[in-house]
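The values are calculated or read from the model by the stated rules, or taken from the named source; none is laboratory data. Note that the structure is predicted; figures quoted are calculated from it, not measured. Glycine gets a Cβ as well: all are built from the backbone with ideal geometry, and neighbour counts include every protein chain shown. The accessibility values were calculated without ligands, DNA or RNA, using every heavy atom of the protein model including side chains. Shrake-Rupley method; radii C 1.70, N 1.55, O 1.52, S 1.80 Å.
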Amino acid sequence: MRWIRKNLVVIAGLLTLAYMILPNIVVMVFSFNKPAGRFNYSWQEFSTDAWEDPCGVADMCGSLSLSLQIALWATIGATVLGSMIAFALVRYRFRARGAVNSLIFLPMAMPEVVMAASLLTLFLNLGAELGFWTILIAHTMFCLSFVVVAVKARVLSMDPRLEEAARDLYAGPVQTFVRVTLPIAAPGIAAGAMLAFALSFDDFIITNFNSGNTVTFPMFVWGSAQRGTPVQINVIGTAMFAIAVLIVAGGQIISGRRKNSALSK
Amino acid sequence: MTVTEAPPASPVAEPVVHKPSVRRKLVPYWLLLPGILWLVVFFALPLVYQASTSVQTGSLEAGFKVTWHVQTYWDALNEYYPQFLRSVLYAGTATILCLLLGYPLAYLIAFKAGRWRNLLLVLVIAPFFTSFLIRTLAWKTILADGGPVVNVLDSVGFLDVTSWLGMTEGNRLLATPLAVVCGLTYNFLPFMILPLYTSLERIDPRLHEAAGDLYAKGSTTFRKVTFPLSMPGVVSGTLLTFIPASGDYVNAELLGSTDTKMVGNVIQSQFLRVLDYPTAAALSFILMAVVLIMVTVYIRRAGTEDLV
């Protein structure tokens, strides 16, 4: 009893973690299921069919590659635009700073469905055809703010004296930026880009409103909840989880090594 | 040693500097222009279009015209206030649950994890990368009728209590309000844990020692030192949970029933199925107003200014 009280935080924390991981385990286990009907919601029997043929479902891998493309372009767009804004906000004093800050903050302080719906009214009024381009525009828009926040945090902690030093050593503005500023800001920009990619790739609500008949991967999963969920969805889900864990763990190891080698110097 | 006197250029360069300095003043504006333009055209302008749509009347065939028909707002509120109340109630409950569940985990990672810290952080972030729709569908399996979760909760009498509270019906979990709240809590937990962790991690552990030296019990230390210092995390965490949860329609659709529809479900079906744009736009505006007002009041009362 005393042991429980002493470790209450640890027990409660680990229970929360179990709650967070449980669906991932279910997704993994059910990727080896052989469902009886159209839906993969109850366990039938073990099978590796879905893993042997991940793209064996009509349109699924097409939607997956479309999502990857959109996420890639949206990431590039949002990262470039967002980093520029972040630099301007941190490094310069100018009029309308407050207005710019609220314009960045508002998209994050609004339920996604409001943004999605208002964007749809714009596209409807302009007579724009819904599809790849409208999705890309929407994704770039809502990822932008998150990139600004991520990059801003990094630029704020940068020492401006390093750039002054570069200038004192007769580096031109371009040289200073490419050889000093950019490398120091890179982790923040990378974090912003990763966040943008994850947000765009996984976005459902905004895509649901602005995709027309174009089917991204989340849209495919949504549709399958009505029509029947193929086991391959669980395969993709499991693979994404595994890849993410590997990337994040790899990043941790590399940054840990760097820290260590920096210390040992 | 003599290197320090190297840049002798300053008096000579004086007149030349003048022109670039005007250009330099424009630099922030050039940096801002593309991104801000994007946000104005694809974020601010759409809101204007939506405002105009909400006061239009007409039909899809005949076209819509601005008639300043403000009545739409009242009609929409009259018809859909149950869904509005439900959204606030579900999102609020999920936010409180997220705080109660997320705090111990954030605390664990920040203070007790030691060398396990990075692993735990990875485990908090990694589920993000499996499409949240796939994970939400997995809850259908977990909460399924006659499944182990339902059976256990039923045998310990938990479902009797929640049925009495109106959160579940009989011995089912799926398609009840509790299932929707469970899904919302699950979906937005990382958004609570990460800000909590960030603000907890900043707390100097020596403050805990100091509290202990002054004979404060563990609970007193938490109440008087740790929790107040983690307030920025609590505020941004609750906002990051409540705002998206209030507009969500995925959980209510996948895990709920017709009796658990939230305002997001109404907006979605009005826009994409019924095609009644004015009502949909009005609903969306009311939701935005409700959220912004609640958030402003909350920030005032919680008293943390710098959130971003």
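Over chain B, what number does the Rg to Rh ratio reach, with both radii from the alpha-carbon atoms and Rh per Kirkwood?
Reported Rg/Rh, Kirkwood definition of Rh: 1.11.
Given labels modelled 7 Å from the Cα in the Cβ direction, how far is it in nm from B:Arg115 to A:Leu68?
So the two model labels end up 3.7 nm from each other.
Bins of 5 Å, beginning at zero and ending with the bin holding the largest distance: percent of Cα pairs per bin for region B:148-293, please.
2, 9, 12, 12, 13, 13, 12, 11, 8, 4, 2, 1, 0, 0
Can you tell which of B:Leu85, B:Phe132, B:Thr72 lies farthest toward the positive end of the dipole of region B:55-147, using +1 and -1 charges on the Cβ of basic and acidic side chains (Lys, Arg; Asp, Glu)?
B:Phe132
Among B:Trp30, B:Trp68, B:Trp139, whose mean-square fluctuation peaks in a Gaussian network model of chain B (Cα, cutoff 10 Å)?
Most flexible of the set in this elastic network: B:Trp30.
Could you give the length gained on full extension between A:Ala153 and A:Trp51, defined as 0.36 nm per residue of separation minus the Cα-Cα distance, in nm?
The span from A:Ala153 to A:Trp51 would gain 32.6 nm if fully extended.
Considering chain A as a Gaussian network with a 10 Å cut-off on Cα pairs, which listed residue, A:Ala190, A:Ala86, A:Ala18, attains the greatest mean-square fluctuation?
Comparing A:Ala190, A:Ala86, A:Ala18 in the GNM, the peak value goes to A:Ala18.
Using 7 Å Cα-to-Cβ label points, what is the A:Arg93/A:Ile253 separation (nm, one decimal)?
In this crude spin-label approximation the distance works out to 4.8 nm.
If you place +1 on the Cβ of every Lys and Arg and -1 on the Cβ of every Asp and Glu, how big does the dipole about the Cα centre of region B:199-301 come out, in debye to the nearest 20?
Dipole size: approximately 340 debye.
Can you give me the Rg/Rh ratio for the protein assembly as shown, using Cα atoms for both radii and the Kirkwood formula for Rh?
1.00
If you take the beta carbon distance between B:Thr198 and A:Arg38 as r and set R0 to 41 Å, what does 1/(1 + (r/R0)^6) give as a FRET efficiency, to the nearest 0.05?
Computed FRET efficiency for B:Thr198 and A:Arg38: 0.40.
What number, rounded to the nearest 500 deg cm²/dmol, is the helix-based mean residue ellipticity at 222 nm of chain B, given -39500 (n - 2.57) per DSSP H run of at least four residues and division by all its residues?
About -22000 deg cm²/dmol.
Under 1.5 on a/c is rounded, so check that first for chain A, then, if it is not, pick prolate when a/b is larger than b/c and oblate when it is not; a ≥ b ≥ c are the square roots of the alpha carbon gyration tensor eigenvalues.
oblate
What distance in nm lies between label points placed 7 Å from Cα along the C-beta direction at A:Ala58 and B:Arg23?
Between A:Ala58 and B:Arg23, the simple spin-label model gives 6.0 nm.
Using a loss threshold of 40 Å², tell me which positions in region B:267-300 are less accessible in the complex than in their chain alone. Probe radius 1.4 Å, ligands and nucleic acids ignored.
With the partner chains in place, region B:267-300 has these residues losing at least 40 Å²: B:Phe271, B:Leu272, B:Met288, B:Leu292.
Among B:Leu32, B:Leu99, B:Leu60, which one shows the biggest mean-square fluctuation in a GNM of chain B, springs joining Cα atoms closer than 10 Å?
B:Leu32
Want the number for B:Ser219 to B:Val48: 0.36 nm per residue separation, take away the alpha-carbon distance, what's left?
Additional length available on full extension: 56.5 nm.
Rule-of-thumb check for region B:139-192: C-alpha Rg over 2.2 N^0.38 Å?
Output field value: 1.12.
Taking region B:140-233, which chymotrypsin sites (Phe, Trp or Tyr not before Pro) meet the DSSP loop condition and have no more than 11 other C-beta atoms within 10 Å?
Here the sparse-neighbourhood loop sites are B:Tyr215.
In square angstrom and rounded to 100, what buried accessible area do you get between chains B and A, total over both, with the probe at 1.4 Å?
7200
Would you work out which of B:Asn265, A:Ser67, B:Thr226 lies farthest towards the positive end of the dipole of the protein assembly as shown, given +1 charges on the beta-carbon of Lys and Arg and -1 on that of Asp and Glu, about the Cα centre?
Sorting the options by dipole projection puts first B:Thr226.
Please compute one quarter of the surface area of the Cα convex hull for region A:96-154 and express it in square nanometres.
Averaging across all directions leaves 4.9 nm² for the Cα convex hull.
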